[in-house]
Amino acid sequence: LHKLIKYEIDALINQISGIYSLSSIRAHTERLYNNNSIIADFNAIIIRFMELNTMESKTIEQFINKALNLFHIGDKIEIIRTQGVASEVFTYNGDHRKLLADLGFGFTQLIPIILKIAIMAKENESHSPTFVTSYLPSILLLEEPESNLHPSYQSKLADLIISAGKEFNIQF
């Protein structure tokens with residue numbers, strides 16, 4: 001009986017650990033994101049994104065770049081940490097670098113969704129002995145994902161969600 005209870009508790013913990021969430025106010029427009037700020041989810045997302053070295057995964061990097069292109073944000077993203085206490089977020093369009101704060105509020109709500117998907121993919125990555133990457137199932141609870149997005153971008157967000165679901169085994 002003890003082993004059965006332990007098994008059921010472990011199974012429940014595994015299920016719960018695959019559940020993530022993002023609030024409706026994901027980020028504020030800031031030129032420098034301070035690690036100690038707890039007002040929005042974005043600061044914690046940036047820190048976790050960097051801790052996991054998320055961009056080391058080519059599949060995840062390609063997903064991020066494809067998402068940035070889908071929303072006409074740029075070709076790639078760069079996060080620069082400043083002495084471990086703050087971060088600057090830049091997008092690139094070719095060689096032209098632009099601070100996230102200069103893109104508009106809608107984009108500051110969209111980038112955290114893209115990065116959170118990347119984090120979930122990295123945390124749920126599973127490598128088989130044959131070096132095939134798969135992803136453990138996970139769930140992302142998004143509160144008002146369309147908030148502050150232009151209507152044309154709202155439909156593109158649906159495309160992004162479908163793509164992430166298929167590619168990374170995420171339910172939304």
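The values are calculated or read from the model by the stated rules, or taken from the named source; none is laboratory data. Quantities reported herein were computed from a predicted structural model and do not represent experimental measurements. Cβ placement follows ideal geometry from the backbone for every residue including glycine, while neighbour counts extend to all protein chains displayed. Surface areas here come from the heavy atoms of the whole protein model, side chains and all, with no ligands, DNA or RNA. Shrake-Rupley method; radii C 1.70, N 1.55, O 1.52, S 1.80 Å.
Please state which of the following conditions Lys166 fails to meet, knowing it meets all the rest: (1) touching a strand residue (DSSP E or B) at 6+ places or on another chain (Cβ under 9 Å); (2) farther than 22 Å from Tyr33 by Cα.
(1)
Can you name every one of the strands (runs of 3 or more DSSP E) wholly within the stretch 100-172 that holds 2 or more residues which are over 14 Å from the mean Cα position of the chain (by Cα) and without any contact (Cβ under 8 Å) to a residue 60 or more places away in the chain?
Counting at least 2 such residues, we get 125-127, 133-135.
If you go through the stretch 141-172, how many residues are closer than 20 Å to Glu61 by Cα and small (Gly, Ala, Ser)?
Qualifying residue count, the stretch 141-172: 4.
Provide a single number: the residues in the stretch 68-109 that are open to solvent by 50 Å² or more (accessible area, probe 1.4 Å) and under 19 Å from Asn148 (Cβ atoms).
Of the residues in that region, 5 qualify.
Which of the following residues is within 27 Å of Asn35 (Cβ to Cβ) and assigned to a helix (DSSP H, G or I): Glu78, Glu88, Glu61?
Just one listed residue meets the conditions, Glu61.
Starting from residues that are without any contact (Cβ under 8 Å) to a residue 24 or more places away in the chain and surrounded by 12 or more Cβ atoms within 10 Å (Cβ to Cβ), keep the ones in the stretch 56-65 and report whichever is nearest to Ile111 (Cα to Cα).
Asn65
Taking the residues in the stretch 117-131 that are in contact with a Ser or Thr (Cβ under 9 Å, 6 or more places away or on another chain) and open to solvent by 30 Å² or more (accessible area, probe 1.4 Å) as candidates, determine which candidate is modelled with the lowest pLDDT.
Here the residue is Ser128.
I'd like the full set of residues that are closer than 16 Å to Leu68 by Cα and of a type in the set (A, V, I, L, M, F, W, C), limited to the stretch 120-154.
Correct list: Leu149 only.
Among the residues that make up the stretch 30-48, is at least one of them among the charged types (D, E, K, R), within 17 Å of the chain's Cα centre (by Cα) and either in a strand (DSSP E or B) or modelled with pLDDT of 80 or more (or both)?
yes
Would the stretch 144-159 turn up any residue that is surrounded by 16 or more Cβ atoms within 10 Å (Cβ to Cβ), farther than 17 Å from Ser24 by Cα and in contact with a strand residue (DSSP E or B) (Cβ under 8 Å, 6 or more places away or on another chain)?
Within the stretch 144-159 (the criterion being surrounded by 16 or more Cβ atoms within 10 Å (Cβ to Cβ), farther than 17 Å from Ser24 by Cα and in contact with a strand residue (DSSP E or B) (Cβ under 8 Å, 6 or more places away or on another chain)), the answer is no, since none of the residues qualifies.
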